Amino acid sequence: MIGKAQVTSRRAISRSKGGLWLVAAAGLAASALYVREETSRAEQEFPPTGKSITVRGVRLHFIDTGGADPVLVLLHGNGAMIADMEISGLVNEAAKRYRVIVFDRPGYGYSERPRDRAWGPKEQADLFRDAFAQFGFVRPLVFGHSWGTQVALSLALDHPNSVGGLVLASGYYFPTARADGIMAAPATVPILGDFMRHTVSPLIAGVMAPGMFRKMFAPQPVPSKFSAEFPVGLTLRPSQIRASSEETVMMVPAAAALEGRYRELRLPVCIMAGGADRIVDTDSQSVRLHSMIELSEMRVLPGLGHMIHYFATDQVVRAIDGVAARAEPMAVAV
């Protein structure tokens, strides 16, 4: 027989568990409210700075410096946005002799990322090809940084007549084992991912952001201008966490899909990388890519990390100049 003490104990445990569930539910509700308020605050503090164009039903946010041709398109990496290219100084320096167009890639900044398709490098390249046509660009030069290099390569491979030349910086080109894809996977799962992105994921990402920034810029310190001006709050919005998580998960398979095609490239390419990059290995990625592309040149910058466009802006612009000089016909807008 069950004694009264046992019954009382079980009831106490049950009440305790119920109380814990209530506390957990209240905490998640508070997190969701906090995320919503922080998202609104970030968008008020950092409103769109450019214009928007709708391409194939997708709204793309961009800035256009105007000025003389040739046209130079800048594609940012995972987790970044237009602000990254502006804060680095690359936009201002390149605009001295190019018409610079910088896009928020789908899901970043103020560009849409519809759920009706996967947004791998191919899909983004198809979208940007149509954007170039809508603008009237003829074979623009394309600079891609980090994840943006996969989009730039897909543009050149799938739409060779839409690109005049490539500058690829700090890219990931060949599949390797990476733990970050596994860690990002839960935030991409339907329903569960939505729940996480609107509750705990922004809180976790906010805590991890300073360490990630230090790793990205290492061995140099995080630039004070970046710390003061980069809109971290926009990166913590559920929509941008979705984009970033999806791209982290698809990075390895995307590289696997591209690696067998690199020898097809027949346009001027400059590959740049920091010799001390802690995000991607320079020798097994950039140097290896250089060996596979006939018309490529390789520039390894000793002592620099992943964010080379902050510390070697002038060298990046010179690399763009070199590709522009070899591109035929010159990239212009009509």
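Readers should treat all values here as calculations from the given coordinates under stated rules, not as data from a laboratory. What you are looking at is a predicted structure, and each value in this text was computed from that prediction instead of being measured. Every residue, glycine as well, gets a Cβ built from its backbone with ideal geometry; the counts of neighbours run over all protein chains shown.
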Taking R0 as 51 Å, what FRET efficiency do you get between E297 and T49 from their Cβ-Cβ distance, rounded to the nearest 0.05? 0.95
Ranked from fewest to most other Cβ atoms within 10 Å of their own Cβ, W147, W119 fall in the order W119, W147
Taking a ≥ b ≥ c as the square roots of the Cα gyration tensor eigenvalues, with a/c under 1.5 meaning rounded and otherwise prolate when a/b beats b/c or oblate if not, region 99-221 comes out prolate
From a point 7 Å beyond the Cα of E264 in the direction of its Cβ, which residues of region 282-308 have a backbone N at a distance under 18 Å? 289-290, 292-296
Can you pull the one-decimal nm distance between simple spin-label points at R326 and V232, each 7 Å off the Cα toward Cβ? 4.0
Using mean Cβ contacts within 10 Å as the protection proxy, how do 265-273, 213-221, 248-256, 138-146 order, highest first? 138-146, 265-273, 248-256, 213-221
Once the in-chain neighbours fewer than 8 apart are removed, the aspartates and glutamates whose Cα is under 15 Å from K122 read D130, D158, E246, E247, E259
Quickly estimate the mean residue ellipticity at 222 nm for the chain, helices only: each DSSP H run with n ≥ 4 gives -39500 (n - 2.57), and the total goes over all residues, rounded to 500. -15000 deg cm²/dmol
Calculated over the chain: convex hull of Cα atoms, volume per residue (Å³): 156
Could you tell me the calculated FRET efficiency between D180 and Q315, based on Cβ-Cβ distance and R0 = 30 angstrom, to the nearest 0.05? 0.60
Please turn the phi angles of region 66-83 into ³J(HN,Hα) values with the Karplus equation 6.51 cos²θ - 1.76 cosθ + 1.60 (θ = phi - 60°), one per residue in order, whole Hz, x for glycine and proline. x, x, 7, 6, x, 8, 10, 9, 10, 10, 7, x, 5, x, 9, 5, 3, 4
I want to check the label-to-label distance for V207 and K96. Put each point 7 Å from Cα in the C-beta direction and report it in nm to one decimal. 4.5
Can you give the charge dipole size of the chain about its Cα centre, rounded to the nearest 20 debye, using +1 on the beta carbon of Lys and Arg and -1 on the beta carbon of Asp and Glu? 1280
